[in-house]
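The values are calculated or read from the model by the stated rules, or taken from the named source; none is laboratory data. This is a predicted model, so every value here is computed, not measured. Cβ: placed from backbone, ideal geometry, glycine included. Neighbour counts: every protein chain shown. These area figures cover heavy atoms from the full protein model, side chains too; ligands, DNA and RNA do not enter into them. Shrake-Rupley method; radii C 1.70, N 1.55, O 1.52, S 1.80 Å.
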Amino acid sequence: MEYNFKETEQKWQEYWREHGTYKVEIDPSKPKFYVLDMFPYPSGAGLHVGHPLGYIASDIYSRYKRLKGFNVLHPMGFDAYGLPAEQYAIQTGQHPAVTTEKNIARYREQLDKIGFSYDWDREVRTCDPHYYKWTQWAFIRMFEHYYDRTQQQARPISELTAHFAANGTEGVNAACSEELTFTAAEWNAKGEKEQQEVLMNYRIAYLRDTMVNWCPQLGTVLANDEVKDGLSVRGGYPVVQKTMRQWSLRVSAYAQRLLEGLEQLEWSDSLKDIQRNWIGRSQGADVTFDVKDSDVKLKIFTTRPDTIYGVSFMVLAPESEYVAQLTTPEQQAAVAEYLDYVAKRTERERQSEVKTVTGVFTGAYAINPFTEEAIPVWVSEYVLAGYGTGAIMAVPAHDSRDYAFAKKFNLPIVPVIDNGQPIDLSESSYDAKEGKMINSGIINGMEVKEAIAFIAGEVEKRGIGRSKINYRLRDAIFSRQRYWGEPFPVYYKEGMPYMMDDSKLPLELPEIDKYLPTESGEPPLGRAKNWKTEEGYPIELNTMPGFAGSSAYYLRYMDPHNDKALVGKEADEYWRNVDLYLGGAEHATGHLIYSRFWNMFLYDLGVVCEPEPFKKLINQGMIQGRSNFVYRVVGTNTYVSAGLKKDYETTEIHVDVNIVHNDILDIEAFRRWMPEYADADFILEDGKYVCGWAVEKMSKSMFNVVNPDDIIEQFGADTLRLYEMFLGPLEAHKPWDTQGIDGVYKFLRKFWRLFMPGDEFRVSESEPTREELKILHKTLKKVEGDIETFSFNTTIPAFMICTNELTALKCDKRAVLEPLVIAIAPYAPHIAEELWHRLGHTDSVTTATFPAWEEKYLVEDSFEYPVSFNGKVRFKLPMPVDASNADIETAVKTAPEAAKWLEGKTIRKVIIVPKKIVNVVVG
RNA sequence: GCUCAGGUGGCGGAAUUGGUAGACGCGCUGGACUCAAAAUCCAGUGUCCCUUAAAGACGUGCGGGUUCGAUUCCCGCCCUGAGUACCA
């Protein structure tokens, strides 16, 4: 009887649902294991075959861990707030909640068909008030805390106000937007509003005028990770810099901990690297320069204090406050003109024209504290306002950007480092941190490293600066001018923001009639009626960004129905954190940073017991599409086969991969596909039309989307699961090609036939042979080793070989077949469940124990005799250490084991192979 | 530019971490079964030389090196992909 996947898969999916097979509860008697997928945003297009790749891998691992005796938490949910639903709402008037609900239902339906072991009772949706109540709750906590650098943790803002009242800013070491200094008396003299303004400088969630990435087309601001190459990641619209009053999260306060925390994590090195670069720690020093004929102290940040004798000019960022302070009356007009030019440039222009050097002289001169020389102060857009102090000392001889600037404006280039060979400064600067100092007064002759430390110390001694660490990581802008997001639990009194009481949570998203900004330019929530507190205070009109809801969702899965806490103590202490997290690497600088920050904050508050949310992380690769092309002869409706196209001038046109088989076009289907092709002519080769192909992103516009539903319909879910794993290494990007799926489909049917040699299900209870046991244990060992290392792609061949070998032996022993059913269950749960029940079990295969393999069955026993192998004879011999080929030959000849097999034969070749085995080719 | 990952048959990819390169699958070729097709099964399939086979030579991006032995380690290039981009 052939395997009927359709009937079987449906039957067991229903069984699992009815029996609550995948429901999980806290069980202190078992070790826990938490396997998580990055939850999807349910888009209108539904899933394509690329999406489930990671889900299948994590499901295999979950099922395996369960068979290994772990209590496995494996939940799924939806990142339900997002731009597409809102855009759709703007166009159609359809409420985003309705669209989202519909898309989720579709996703759920598709996911269910694949046979995942999710505990759906724990599902979370970020747009559900029961869920976002806790997003709002966490935000309020961030508002109520500041970051104490001395204690290296978040502390209640009340501690800070108490300190201010007693000592002013004296002794305060808090993360802040700008360093403030005031006395206790000054603090106490301030009014409520003034005090609140000061505290805003310290709060972890704070409201402030900031330079933001404004995207006019989307009508909203974007975080740094939502912008790429000056364009919005979603939509690809231009982004400009603009000052706006926005909520921000003081992520930068956690920079050092985010950096150090990486050490403990089992993440790929490349992913850790991306985060390290994003955090961008750099060790240097602040140095203050006096300004000639002025009281202004010009503070700069440098990582190369050693080059201070080579400073030949200073540069300010155009947005720097110093510009106004330092510009001389004579230069006023020129500077104003330059600032105007800079303001008009978009972020994209600025980035694409990096090589173009621009700038203007302020007219001011700074005094080099070491040489006492007066050096000109310039303004240029190559210096960024947001990093360091927004001002630099320029050393053109040893910094390529300063070099380009000096060349353009004819400023002096003074070498201060000698690396042994003559340094040629006519073409480029010498940026390396190696060599001896020259032309450098007190540090002449020192090595660069020495000089850096010396000058840093000297600067500190003279009180004109101090060592400083800067981070590239910026605070996260947290306001979005959109409708479809979490409302802020914030109201305004006399223009100052106040948090709502926890008892008012969740603050539910109000209904509005249209989803566009208001006529006066307010965000969509400006349209909401009665959007005020009971006391009549107006409520915040912005909503939270996409990453708000996804930052702590893994905690909510632990205790999804708890109405009293984000996560209860018991649940948190049992499940702790995610043991295995699977998702795409594109979240490296967004979600994965924000989540770690959010979790560390909650850790500081004692809400969670682990400082890091995701212990081990695997980035599954993307499944790309494999597109097919036809070639239209220019100016005709004639299409030429790929092999002949070089003789014609052609246009390449995407053709639906679903009407192409093995790169051969189904001509009739093509004619039916679109009206314009109805009377197409073809130039064939060998009677066939051969299509071209290319690997591209899987997308509708390329006509290369493959829907998992179609694959399941044709081959079944187990085949889809196996094939997705078989395609290649989990972490690699790889194209989907349906052609190869036959192989695993055939394998499953062969596996089935092991139990069904005739028409009847039949296993024998007799003792297996040593050979059969060897095949079994070899396979079990391979499967276990592969799952533990996430090499799922090489497990499938192991199952195939095993099945072929057992088929050849006509093995029907229960003692061999039953363990194989358990071993394959994580990969192909439906067929395994069916066989398990046919084997006479009444419980689910998920409650079985993963069979242990034993070394004793794997020991090679045939090596005392030579085996014929590709015309070679193989011996087991101790491998001679440090032996030349000749020595090995001697060793072989004289070895007692070998003598009897070499009698009267000539050794033609000796090959040493692993495990001290020698291959001898005899003539 | 900098950082990281990678480059193996017609294709996807293996190779127990320095030990028989190309497992397994696809595709292709031939055969069995069939009136025929589908399905299934069997055999072959890196390149060159050759009627075929044996035997041989060459083969893991390119050029060197270490080693008895290198896809694996080292040095220098080339190419592809990803991240990042005036971060001082």
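Within segment A:799-835, being modelled with pLDDT under 95, hydroxyl-bearing (Ser, Thr, Tyr) and open to solvent by less than 10 Å² (accessible area, probe 1.4 Å) holds for one residue alone: A:Thr803.
This table checks each residue for (1) modelled with pLDDT of 90 or more; (2) assigned to a loop (DSSP other than H, G, I, E, B); (3) surrounded by 18 or more Cβ atoms within 10 Å (Cβ to Cβ); (4) under 42 Å from the mean Cα position of the chain (by Cα).
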residue	(1), (2), (3), (4)
A:Trp378	yes, no, yes, yes
A:Val383	yes, yes, yes, yes
A:Gly386	no, yes, no, yes
A:Ile392	yes, no, yes, yes
A:Phe405	yes, no, yes, yes
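Could you tell me whether segment A:260-267 includes any residue that is at pLDDT 90 or above and under 24 Å from A:Glu460 (Cβ atoms)? No - not one qualifying residue is present in segment A:260-267. Hey, can you tell me all the residues within segment A:416-447 that are at pLDDT 85 or above and crowded, with 21+ Cβ neighbours inside 10 Å? Those that are at pLDDT 85 or above and crowded, with 21+ Cβ neighbours inside 10 Å: A:Val416, A:Ile417, A:Met437, A:Ser440, A:Ile443.
Within segment A:213-239, the residues that satisfy the criterion of being away from RNA strand B (no atom under 14 Å from the Cβ) and either open to solvent by less than 10 Å² (accessible area, probe 1.4 Å) or touching an Asp or Glu at 6+ places or on another chain (Cβ under 6 Å) (or both) are A:Cys215, A:Thr220, A:Val221. Which ones in segment A:300-327 are within 11 Å of RNA strand B (Cβ to nearest atom) and charged (D, E, K, R)? Those that are within 11 Å of RNA strand B (Cβ to nearest atom) and charged (D, E, K, R): A:Arg304, A:Asp306, A:Glu319. Only one of (1) of a type outside the set (Asp, Glu); (2) in a helix (DSSP H, G or I); (3) under 33 Å from the mean Cα position of the chain (by Cα) fails for A:Leu776. Which number is that? Result: A:Leu776 fails condition (3) only. Where helices (runs of 4 or more DSSP H) fall entirely within segment A:1-111, those with at least 1 residues that are more than 20 Å from A:Phe547 (Cβ to Cβ), out of contact with any strand residue (DSSP E or B) (no Cβ under 7 Å at 6 or more places or on another chain) and within 16 Å of RNA strand B (Cβ to nearest atom) are at A:5-19, A:52-67.
Of all the numbered requirements in (1) open to solvent by 20 Å² or more (accessible area, probe 1.4 Å); (2) out of contact with any Cys (no Cβ under 9 Å at 6 or more places or on another chain); (3) more than 30 Å from A:Ala585 (Cα to Cα), A:Thr789 misses one, and that requirement is (3). Of all the numbered requirements in (1) closer than 19 Å to A:Thr21 by Cβ; (2) charged (D, E, K, R); (3) surrounded by 18 or more Cβ atoms within 10 Å (Cβ to Cβ), A:Arg838 misses one, and that requirement is (3).
Against the numbered list (1) open to solvent by less than 30 Å² (accessible area, probe 1.4 Å); (2) in contact (Cβ under 8 Å) with a residue 40 or more places away in the chain; (3) of a type in the set (Asp, Glu), A:Asp572 comes up short only at (2). Identify, by number, the condition in (1) farther than 19 Å from A:Arg125 by Cβ; (2) among the charged types (D, E, K, R); (3) under 35 Å from the mean Cα position of the chain (by Cα) that A:Arg466 doesn't meet. Every condition holds for A:Arg466 apart from (3). Of all the residues in segment A:644-691, those that are in contact with an Asp or Glu (Cβ under 8 Å, 6 or more places away or on another chain) and surrounded by fewer than 17 Cβ atoms within 10 Å (Cβ to Cβ) number 2.
When residues in segment A:505-536 are screened for being surrounded by fewer than 16 Cβ atoms within 10 Å (Cβ to Cβ) and within 35 Å of the chain's Cα centre (by Cα), 7 of them pass. Tally the residues that are within 22 Å of A:Phe478 (Cβ to Cβ) and either touching a strand residue (DSSP E or B) at 6+ places or on another chain (Cβ under 7 Å) or aliphatic (A, V, I, L, M) (or both), restricting the search to segment A:533-566. Selection size over segment A:533-566: 15. Taken over segment A:657-705, the criterion of being touching a residue at least 24 places away in the same chain (Cβ under 8 Å), charged (D, E, K, R) and in a loop (DSSP other than H, G, I, E, B) is satisfied by A:Asp663, A:Asp679, A:Lys697. Contact map, segment A:738-750: first residue of a type in the set (Lys, Arg), second residue more than 7 Å from RNA strand B (Cβ to nearest atom) and open to solvent by less than 50 Å² (accessible area, probe 1.4 Å), Cβ cut-off under 8 Å, separation 6 or more or different chains; pairs are A:Arg749/A:Tyr3; A:Lys750/A:Thr803. Note on segment A:771-785: among residues that are within 13 Å of RNA strand B (Cβ to nearest atom) and buried (at least 20 other Cβ atoms within 10 Å of the Cβ), the one that is farthest from A:Thr803 (Cα to Cα) is A:Lys782.
Okay, residues lined up against (1) modelled with pLDDT under 95; (2) of a type outside the set (Ser, Thr, Tyr); (3) more than 16 Å from RNA strand B (Cβ to nearest atom); (4) not in a loop (DSSP other than H, G, I, E, B):
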| site | (1), (2), (3), (4) |
| --- | --- |
| A:Glu535 | yes, yes, yes, no |
| A:Tyr557 | no, no, yes, yes |
| A:Asp572 | no, yes, yes, yes |
| A:Thr589 | yes, no, no, no |
| A:Phe597 | no, yes, yes, yes |
| A:Tyr603 | no, no, yes, yes |
| A:Leu617 | yes, yes, no, yes |
| A:Gln624 | yes, yes, no, yes |
| A:Asn628 | yes, yes, no, yes |
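Filtered by the rule that a residue be assigned to a loop (DSSP other than H, G, I, E, B) and not acidic (Asp, Glu), segment A:537-555 gives A:Tyr537, A:Leu541, A:Asn542, A:Met544, A:Pro545, A:Ser551, A:Ala552. In segment A:240-262, the qualifying residues are those that are open to solvent by less than 10 Å² (accessible area, probe 1.4 Å), over 23 Å from A:Leu580 (Cβ atoms) and part of a helix (DSSP H, G or I), and the one that is farthest from RNA strand B (Cβ to nearest atom) is A:Tyr254.
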